[in-house]
Amino acid sequence: GNSVTQMEGPVTLSEEAFLTINCTYTATGYPSLFWYVQYPGEGLQLLLKATKADDKGSNKGFEATYRKETTSFHLEKGSVQVSDSAVYFCALKAAGNKLTFGGGTRVLVKP
Amino acid sequence: GAGVSQSPSNKVTEKGKDVELRCDPISGHTALYWYRQSLGQGLEFLIYFQGNSAPDKSGLPSDRFSAERTGGSVSTLTIQRTQQEDSAVYLCASSLVMSGKNYEQYFGPGTRLTVT
């Protein structure tokens, strides 16, 4: 079946540091890939997505590139802010429309 | 416009009781999804509706769980004879479907269920 593996947190960073959250997946066919973010006390929000190999999704300074050869979709941001503190979920959608999520990575950015 | 809404926001129930959780999707979204977020299992898919029918119920964990959708809009997730392991945040999402393609899923704030 389909699965998503992402690095466990928590990840603690100082403001303006570089953030990388690793995500790898197993899926049949050619899934779409997503990063969702859950800010404290809020619901899940789509952060970015990519629908085919070599696509780069980007939003709010975050980027992730769909790498079919390594089945990865790592999330990066060059300079994090305190407001980026949240839980980040990598997810895929293959045939059938349902999302399969990774376990989530909690990120804490300290001033 | 209004997002996905869910009620109640919190529900505390005694083991063995039945509970009903409600989801109001975004107007015009014909696809509706239920997920569960728990400490031990992470975020899991439960069931998917297209209109009033459920072509994918593969994530429902037991026959104590059921869901329905009426009028292509509101959906109710029912858990019968609740158990402590049912404690979780139940999330609803909806998405637009056009030309057979499902677009981005928008999530509601969730219902936190605690079974005592």
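Can you say whether A:Tyr66 is in contact with a Leu (Cβ under 7 Å, 6 or more places away or on another chain) and without any contact (Cβ under 8 Å) to a residue 60 or more places away in the chain, as far as the supplied structure shows? So A:Tyr66 passes the test. Within the range B:43-90, restricting attention to residues that are touching a strand residue (DSSP E or B) at 6+ places or on another chain (Cβ under 6 Å) and in contact (Cβ under 8 Å) with a residue 60 or more places away in the chain, the residue that is nearest to B:Gly16 (Cα to Cα) is B:Thr82. Scanning the range B:30-43 for residues that are open to solvent by 20 Å² or more (accessible area, probe 1.4 Å) and either at pLDDT 95 or above or not in a strand (DSSP E or B) (or both) yields B:Thr30, B:Arg36, B:Leu39, B:Gly40, B:Gln41. When the residues of the range A:93-111 are filtered to those that are outside any strand (DSSP E or B) and within 14 Å of chain B (Cβ to nearest Cβ), the one that is surrounded by the most Cβ atoms within 10 Å (Cβ to Cβ) is A:Gly102. Give the residue that is farthest from the other protein chains (Cβ to nearest Cβ), with candidates limited to residues of the range A:66-86 that are of a type in the set (A, V, I, L, M) and buried (at least 20 other Cβ atoms within 10 Å of the Cβ). Of everything passing the filter in the range A:66-86, A:Val80 is farthest from the other protein chains (Cβ to nearest Cβ). B:Asn102 meets the conditions (1) buried (at least 18 other Cβ atoms within 10 Å of the Cβ); (2) on the phi > 0 side of the Ramachandran plot; (3) more than 14 Å from the chain's Cα centre (by Cα) in every case but one. The failed one is (2).
Among the conditions (1) touching a Ser or Thr at 6+ places or on another chain (Cβ under 8 Å); (2) closer than 18 Å to B:Arg81 by Cα; (3) open to solvent by 80 Å² or more (accessible area, probe 1.4 Å), the only one that B:Asp63 does not satisfy is (1). Looking only at the range A:47-65, which residues are within 14 Å of another protein chain (Cβ to nearest Cβ) and open to solvent by less than 40 Å² (accessible area, probe 1.4 Å)? Once the filter is applied, which keeps residues that are within 14 Å of another protein chain (Cβ to nearest Cβ) and open to solvent by less than 40 Å² (accessible area, probe 1.4 Å), the range A:47-65 yields A:Leu47, A:Leu48, A:Ala50, A:Gly57.
Being surrounded by fewer than 13 Cβ atoms within 10 Å (Cβ to Cβ), modelled with pLDDT of 95 or more and more than 10 Å from chain A (Cβ to nearest Cβ), is that true of even one residue in the range B:70-82? The answer is yes, given that some residue of the range B:70-82 is surrounded by fewer than 13 Cβ atoms within 10 Å (Cβ to Cβ), modelled with pLDDT of 95 or more and more than 10 Å from chain A (Cβ to nearest Cβ). Please enumerate the residues belonging to the range A:16-43 that are over 15 Å from A:Arg67 (Cα atoms) and open to solvent by less than 10 Å² (accessible area, probe 1.4 Å). Selection gives A:Leu19, A:Tyr36, A:Val37.
The values are calculated or read from the model by the stated rules, or taken from the named source; none is laboratory data. The model shown is predicted, which means the values in this text are computed figures rather than measured ones. In this analysis, Cβ positions are derived from the backbone assuming ideal geometry, glycine residues included, and neighbour counts consider all displayed protein chains. These accessible areas exclude ligands, DNA and RNA; they are computed on the full protein's heavy atoms, side chains included. Shrake-Rupley method; radii C 1.70, N 1.55, O 1.52, S 1.80 Å.
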